[in-house]
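Chemist: Let me give you the structure first, and then I'll get to my questions.
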Amino acid sequence: MADGIQFFELNTGAKIPSMGFGTWQADPGIVGEVVTTAIKVFFFTFFISRRKMMMIHWPVSMKKGSVGLKPENLTHPDIPSTWKSMEALYDSGKARAIGVSNFSSKKLGDLLEVARVPPAVNQVESHPSWQQPKLHAFCQSKGVHLSAYSPLGSPGTGRMKREVVLKNPILNAVAEKLGKSPAQVALRWGLQMGHSILPKSTNEARIKENFDVFDWSIPEDLLAKFSEIEQASSLAKGYTRVIYLLPRTSVPTKTLKNSGMASCEQTSDF
Ligand code: A2P
């Protein structure tokens, strides 16, 4: 299964594996064991590079000395100057590639206008129920690789529960036709879109299942069905990513927009 893993070439010429392994939200007590399992399932020692990809995690900055991701702690980020520091890391060879995460097309476009070294990657949430077609097309047109986190619709990071993604009737019908699980089809869709994917699992059987997506593909006629999948924006009207990003607060979206978080609210441009 792992033999067939693909790599995507970044605009720096460096190669990124098409699948990574996520552990976010895994119980800290089991992360070591889970990573060991993943390494056994799939020899991804090449993931552990001395010169890594470095990213701006969110297009937000926090007030000096503040603690916690609360709206009152947030300030307008100075992306151009942050990016200059990233470019210095790249120039020094400490980072093999530099990228961003949770950047909308607008934010990415603004950055591309001032960047000397363009970002190699934009890492955003993407799965069949949150396809982000405009952002996908924009990244593609600019040579920025899209890396998808929450490719299974991880609960807590998006605007829906994982069940909504994996129980989607269209996804399930495709899975049934191909004799694959809905999770495998969701992951394979990401790969066929040209995204690297970062599924998380703490379960050995599901880790194996998730890596078993390289020696088959979704045929064009079934791939076309994905455009009929209802998207998150219409599934959860009234919710925004920001509210999920800050699940323990009940802060009006307007406040968050004023605090510079608006770009996180929409990595898509639906
Ligand atoms: P578990 O760790 O018990 O396997 P995402 O990658 O989108 O963030 O989703 C991660 C969530 O999806 C975790 O709760 C994980 O649970 C679950 N998950 C991972 N792989 C599968 C799978 N093949 N089928 C169903 N659920 C999965």
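Every number in this text was worked out from the coordinates using simple rules, so none of it is lab data. Treat the numbers as computed from the prediction; the structure is a model and nothing was measured. Backbone-built Cβ (ideal geometry, glycine too); neighbour counts: all protein chains shown.
Chemist: For region 105-231, with only Lys/Arg (+1) and Asp/Glu (-1) charged at the beta-carbon, what is the dipole magnitude about the Cα centre, in debye rounded to 20? Working shown, then result.
Modeler: Working: 16 positive and 13 negative charges, 71 e Å.
So the dipole magnitude of region 105-231 works out to roughly 340 debye.
Chemist: State which entries of K15/K94; K180/K225; K15/K107; K52/K94; K200/K225; K15/K134 exceed 19 angstrom in Cα-Cα distance in the structure shown. Let's see the in-between values first.
Modeler: Details: K15/K94 16 Å; K180/K225 16 Å; K15/K107 25 Å; K52/K94 7 Å; K200/K225 25 Å; K15/K134 24 Å.
The pairs that break the limit, which is 19 Å between Cα atoms, are K15/K107; K200/K225; K15/K134.
Chemist: If the cut-off is 14 Å between C-alpha atoms, which aspartates and glutamates fall inside it for K167, apart from same-chain ones fewer than 8 positions away?
Modeler: E176, E230
Chemist: Ranked highest first by average number of other Cβ atoms within 10 Å, how do 220-229, 104-113, 87-96 line up?
Modeler: Details: 220-229: 13.1, 104-113: 17.5, 87-96: 14.7.
Averaged packing, sorted descending, gives the order 104-113, 87-96, 220-229.
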